[in-house]
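Working notes, beginning with the structure itself.
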Amino acid sequence: MKRNLRISALGLISALILGACQTGDDSQRAMEQANLEKAIYCMELLEIKLDLETADRDCFAETYIQHSPHVPDGRDAVIAFFAGRIENYPQSTIVIKRGAANGDLVWLHLHSKRTPEALGSAVIHIFRMENGKFAEHWGVGQRVPEEAAHDNTMF
C-alpha cells in the first residue's frame, strides 16, 4: 500500500512538473508568435504602408541598437534612414517570404526591390525584441543574380 502511495505521489509530482513545463512551453510559444506577428506588422508599416510615425511609436525600443554598418545607431536614425529610402526609391517594394521566432529573436526573409523591374535582393533581418518592440537589429542582403548555377530561387 505504501508503495502505491509513493508511486501516486511521484506520479502527481511528475504531472505537476510536466504541466508546469508545458505551461512554460505554451507561454514561450505565445511570446514567440506575438514577437513574429509584431515584427511582420512593423515591417509592413516601414516597407509597405510607409507609415513612419506609427512605426516610430509602435515598433522601436527607446534604446534601439543597430548592427548594419550602413545605418546609424538609434531609433531616430533608423526612422530617418527609412524616410530617405522612401524619398529616393518611391517605388520600392518588399515581399515577406518567411519568418520565424526563437526566444526574443525574430528573423524575416524578404524579397526587396527598389523598382518594379529590378531583380532585387534577398534580405534577412534579425531582430531582438523587447516588450514587443525592435530592440536590436542585424541585417544581411544579397542581390538576386540574373543567372544561377542551379534552378533554385533565392526565395
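Scan the range 122-155 for residues that are touching a Leu at 6+ places or on another chain (Cβ under 8 Å) and under 14 Å from residue 111 (Cβ atoms) and the total you get is 7.
Each row is one residue, and each column tells you yes or no for (1) touching a residue at least 40 places away in the same chain (Cβ under 8 Å); (2) under 17 Å from residue 44 (Cα atoms); (3) among the aromatic types (Phe, Trp, Tyr).
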{"site": "64", "(1), (2), (3)": "yes, no, yes"}
{"site": "86", "(1), (2), (3)": "no, yes, no"}
{"site": "100", "(1), (2), (3)": "yes, yes, no"}
{"site": "126", "(1), (2), (3)": "no, yes, no"}
{"site": "133", "(1), (2), (3)": "yes, yes, no"}
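The set of residues in the range 105-122 being surrounded by 14 or more Cβ atoms within 10 Å (Cβ to Cβ) and either part of a helix (DSSP H, G or I) or of a type outside the set (A, V, I, L, M) (or both) consists of 107, 109, 111, 112, 113, 114, 120, 121. The residue that is surrounded by the most Cβ atoms within 10 Å (Cβ to Cβ), among those in the range 48-58 that are at negative phi and of a type in the set (A, V, I, L, M), is 55.
Listed here are the residues, each with its yes/no results for (1) under 23 Å from residue 34 (Cα atoms); (2) surrounded by 14 or more Cβ atoms within 10 Å (Cβ to Cβ); (3) modelled with pLDDT of 95 or more.
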{"residue": "60", "(1), (2), (3)": "yes, yes, yes"}
{"residue": "66", "(1), (2), (3)": "yes, yes, yes"}
{"residue": "70", "(1), (2), (3)": "no, no, no"}
{"residue": "83", "(1), (2), (3)": "no, no, yes"}
{"residue": "87", "(1), (2), (3)": "no, no, yes"}
{"residue": "95", "(1), (2), (3)": "yes, no, yes"}
{"residue": "98", "(1), (2), (3)": "yes, no, yes"}
{"residue": "103", "(1), (2), (3)": "yes, no, yes"}
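Annotation: of all residues in the range 123-155 being under 16 Å from residue 61 (Cα atoms) and part of a loop (DSSP other than H, G, I, E, B), the one that is nearest to the chain's Cα centre (by Cα) is 132.
The values are calculated or read from the model by the stated rules, or taken from the named source; none is laboratory data. Note that the structure is predicted; figures quoted are calculated from it, not measured. A quick note on method: Cβ atoms are made from the backbone with ideal geometry, for glycine too, and the neighbour counts reach across all protein chains shown.
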